[in-house]
Each structure stands twice: as structure tokens, then as C-alpha cells.
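Engineer: A single structure is presented below for examination.
What follows draws every value from the coordinates through simple rules; no lab data is involved. The structure presented is a predicted model; accordingly, all values stated were derived computationally and were not measured. A quick note on method: Cβ atoms are made from the backbone with ideal geometry, for glycine too, and the neighbour counts reach across all protein chains shown.
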Amino acid sequence: MAKLRITIASSNYDRVQPLIDGRVEVEGCEVNYLPIPVEECFQRAYFHHEFDVSEIGFSPYMIARSRDLTPYVAIPVFLSRTFRHSAIYIRTDRGIAAPADLRGRRVGVPEYQMSAAMWARGALADDFGVRHDEMEWVQGGLEQAGRREKFPLSLPEGFPLSAAPAGRSLSALLAAGEIEALFSARAPSCFLDGSAPVARLFPDYEAVEQDYFRRTGIFPIMHAVGIRSALVAEHPWLPVSLLKAFHRAKAIAQQELYDVHALKVMLPWLSAELQKTVEIMGRDFWPYGVEANRHTLDVMARYSFEQGLATRRMTPEDLFAPSTLDEIRV
């Protein structure tokens with residue numbers, strides 16, 4: 001029987017490298033794997049539906065799923081996870097010393113709906129009582145003007161969100177003091193080059209994020225894997241075949257972290273960092289699957305609904321291909 005030819009697109013992570021180089025195959029498939037930058041991947045997937053299988057931003061996906069609009073259906077493979085306390089940048093000359101000081105401030109965000117911003121807002125609300133509607137949001141490109149939301153928002157009338165001035169980037173606005181804070185997955189250039197009085201809201205973010213994990217058990221999910229919905233309808237076996245393949249690829253990447261006789265990553269104390277991570281988060285600190293992530297997914301769904309993103313409160317069962325809800329042993 002001929003194999004199904006599919007194109008998969010994602011960023012080039014260690015956890016997908018075995019799929020890219022062919023060490024792991026997808027059952028029943030001939031794979032053309034395109035390792036491309038994640039922003040390009042999202043744009044081509046969301047706006048043009050170019051790929052059979054794609055890395056997808058999970059917050060925009062939940063918005064689309066709540067409206068039954070998405071051309072992709074997700075499987076519980078989480079290619080990107082990051083704690084986001086480190087993603088909040090502030091002007092140091094505006095009297096912002098603690099989360100409560102963000103109330104009433106003009107705050108930049110590349111996309112209000114992006115996963116990084118959603119998680120940061122949720123943590124501020126849960127842990128510090130600072131609500132998302134107590135800040136004035138300015139949406140625009142981080143370094144280049146003109147970035148747009150993946151999906152139209154359904155925020156309440158009068159919600160404090162506006163577009164950045166034409167031709168102005170968020171980094172430039174922050175450097176000029178025209179916004180007082182920024183929520184961004186990437187560090188702005190005015191922070192990296194030291195050209196403006198900008199710092200992180202949580203300077204010791206590693207300790208803050210470790211405490212957050214110990215208290216909540218949450219390792220925030222940023223991106224998942226989506227399959228073109230029409231392809232799933234035609235080949236219902238495909239979601240599980242892909243889930244198994246991504247599981248196997250991740251297992252190889254995890255094992256390679258322990259191979260320190262010749263470091264594959266340019267971090268001299270990689271083994272010490274790995275040991276510390278395992279002590280805090282357990283050996284499988286990057287889990288796939290629904291059950292291992294149920295609490296994190298429930299919190300993410302709550303944040304999406306509370307922040308005016310998803311139009312209804314989603315459950316994990318609403319989000320994934322039904323055949324992938326059961327635990328897969330590989």
C-alpha cells in the first residue's frame with residue numbers, strides 16, 4: 001500500500017530533530033519535514049493553510065476552536081513550553097516595582113491573544129490580583145510595525161486595547177517611554193542593547209518561575225501540533241500515528257540530554273542544569289498527552305475564557321482529535 005505523503009512544518013527543536021533526520025518515521029506516511037522559523041510557520045499555517053501538519057500557537061487555536069473556525073485539529077504534542085514571568089518588561093523610571101504597579105499602565109503586546117501574554121496575564125491575576133482589564137493594551141509588532149492578530153477578537157465593548165501608531169514598533173515605543181511595560185515572548189532590542197531604562201518586572205525570574213511550578217505544577221504550554229482537519233476526516237488513523245512519532249522523537253531527545261561525553265549544546269554545565277530541572281519537575285518534565293497535562297490545559301482554558309479570547313469555556317476533550325485523548329504507550 002502506498003504511503004500517505006504529508007508535509008510537516010515546525011521550528012527546528014531537539015524534540016523534533018529525529019523526525020527531521022529520519023531516525024523516527026510516521027507510520028503509514030512519507031514525510032516532507034520543513035524546519036522553519038516559528039513566526040513564519042504560524043503565518044503560513046493560520047493565514048494560508050499551507051501545511052498538512054503544523055506547529056500552532058495554542059492560545060489562537062483555542063480561540064478558533066471555540067468558534068469552530070480552525071482548519072486544523074490538534075494532537076496533545078506540545079512543541080513549545082516556557083514559563084512567562086520572564087516575559088514582562090518595564091520602564092524602570094515609571095515607579096513600577098511590583099505587579100500591582102501595572103494597574104492603569106500602557107502595556108505593549110505583539111498579539112493580545114498570543115499564548116505568552118495569556119499565561120503572563122493569568123499568573124498576574126491568580127497570584128497578584130492584577131486583572132487583564134486593569135491595564136491599557138497597545139498591540140503591534142515587537143521590532144517591525146504591522147503585526148496583526150491571528151483571529152479577530154471578541155473583547156467587550158470599550159475594552160482597553162488599541163493599535164500601535166502607524167510605523168511604530170513596540171520596542172521603539174518602550175524606548176521612548178510611550179508605553180510603560182511590555183509583554184513579549186522575545187526580549188525587545190531596547191532591553192538587550194541597554195539603550196533605554198528597561199528591565200524585567202521579575203529580575204530573579206528563574207526563582208519566581210521555579211516557585212510557581214512548585215505551587216501549581218504548571219509548565220505553561222505555548223505551541224501544539226495541528227493536523228489539517230480535512231486530512232483527519234479522510235485518514236482517521238493519522239492523529240495517533242503522528243502522536244506516536246512525536247512521542248518517540250521526544251524520547252530520543254530526552255535521552256540525548258544525558259549524553260554528556262561530547263556536549264551537543266554549547267552550555268558547559270548542561271548536566272548540572274538537567275539535574276536541577278529533574279529535581280524540581282521530575283524526570284518527564286516535558287510531558288505530552290492529555291492526562292499528564294490536564295491541570296495545565298484546564299487552567300489555560302480558564303484563562304482564555306476569562307480574558308475574552310475563547311468564546312466558551314473549553315475542556316481538554318474539546319481541543320484534541322478524539323483518538324488522541326487516550327494514553328498512548330510507545
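Engineer: Most exposed first by the Cβ proxy, i.e. fewest other Cβ within 10 Å, how do ASP68, ASP318 rank?
Structural biologist: In increasing order of surrounding Cβ atoms, one gets ASP68, ASP318.
Engineer: Can you list which of the GluC sites (Glu not before Pro) found in region 115-160 are DSSP loop residues with at most 13 other C-beta atoms within 10 Å?
Structural biologist: GLU157
Engineer: Straight-line reach from LYS3: which aspartates and glutamates have a Cα under 15 Å away, not including same-chain ones fewer than 8 places off?
Structural biologist: Leaving aside aspartates and glutamates fewer than 8 places away in the same chain, those within reach of LYS3 are GLU25, GLU27, GLU30, ASP52, GLU234.
Engineer: What is the P(r) of region 185-277, as percent of Cα-Cα pairs per 5 Å bin from 0?
Structural biologist: Here the calculated profile for region 185-277 is 2, 9, 11, 12, 15, 17, 14, 10, 7, 3, 1.
Engineer: Among DSSP bridges having both ends in the chain, what percentage is antiparallel? Round to the nearest 5.
Structural biologist: Of all bridge pairs located within the chain, approximately 45 percent are antiparallel.
Engineer: Nearest 500 deg cm²/dmol is fine: what mean residue ellipticity at 222 nm does the chain get from its DSSP H runs of n ≥ 4 alone, each adding -39,500 (n - 2.57), divided by its residue count?
Structural biologist: -10000 deg cm²/dmol
Engineer: Which whole-number percent is the relative contact order of the chain (Cα, under 8 Å, 6+ apart)?
Structural biologist: Normalised by residue count, the contact order of the chain is 27 percent.
Engineer: So, one more: Under 25 °C and 0.890 mPa s, how fast does region 1-96 diffuse according to Stokes-Einstein, given a Kirkwood radius computed over C-alpha pairs? Answer in µm²/s, whole number.
Structural biologist: My calculation gives 158 µm²/s for D.
Engineer: Same structure again: So what are region 201-330's ellipsoid semi-axes, whole angstrom, largest first, if each one is the square root of 5 times an eigenvalue of the alpha-carbon gyration tensor?
Structural biologist: Result for region 201-330: semi-axes of 29, 23, 12 Å.
Engineer: Let me ask something else about it. Could you give log10 I(q)/I(0) at q = 0.08, 0.10, 0.14 Å⁻¹ for the chain, computed by the Debye formula over C-alpha point scatterers of equal weight, without solvent?
Structural biologist: At q = 0.08, 0.10, 0.14 Å⁻¹ the computed log10 ratios are -0.38, -0.61, -1.19.
Engineer: Next up: With θ set to phi - 60° and the Karplus curve 6.51 cos²θ - 1.76 cosθ + 1.60, what are the ³J(HN,Hα) couplings of region 285-300 in order, to the nearest whole Hz, using x for Gly and Pro?
Structural biologist: 7, 10, x, 9, x, 6, 5, 5, 10, 4, 4, 4, 5, 4, 5, 4
Engineer: For a footprinting-style exposure proxy, rank TRP286, TRP237 by other Cβ within 10 Å, fewest first.
Structural biologist: Least to most surrounded, the residues fall as TRP237, TRP286.
Engineer: Another one. Of all DSSP beta bridges in region 85-216, what percent run antiparallel (nearest 5)?
Structural biologist: Antiparallel bridges: around 40 percent, rounded to the nearest 5.
Engineer: Any idea what the dipole of region 217-330 comes to, in debye rounded to 20, about its Cα centre with Lys/Arg Cβ at +1 and Asp/Glu Cβ at -1?
Structural biologist: 140
Engineer: The chain: longest stretch without exposed trypsin sites (Lys or Arg not before Pro) (DSSP loop, at most 15 other Cβ within 10 Å), sites themselves excluded?
Structural biologist: Within the chain, the longest run free of exposed trypsin sites (Lys or Arg not before Pro) spans 187-263.
Engineer: Which residue, TYR258, TYR33, TYR303, has the most motion in a Gaussian network model of the chain that connects Cα atoms within less than 10 Å?
Structural biologist: TYR258
Engineer: Report the Cα-based extents of region 85-216 along its three principal axes, largest first, to the nearest Å.
Structural biologist: 42, 36, 24
Engineer: Determine the dipole magnitude for the chain: charges of +1 sit on the beta-carbon of Lys and Arg, -1 on that of Asp and Glu, nothing else is charged, the reference point is the Cα centre, and the result goes in debye to the nearest 20.
Structural biologist: Dipole size: approximately 180 debye.
Engineer: Let's test the formula: R0 of 35 Å, r as the Cβ-Cβ distance of ALA199 and ALA230. What FRET efficiency results, to the nearest 0.05?
Structural biologist: E between ALA199 and ALA230, to the nearest 0.05, is 0.15.
Engineer: Mind sorting PHE320, PHE78 by how few other Cβ atoms lie within 10 Å of their own Cβ, fewest first?
Structural biologist: So the ranking, lowest neighbour count to highest, is PHE320, PHE78.
Engineer: For ARG186 and VAL278, FRET efficiency with R0 = 30 Å and r from the beta-carbon atoms, rounded to 0.05?
Structural biologist: 0.60
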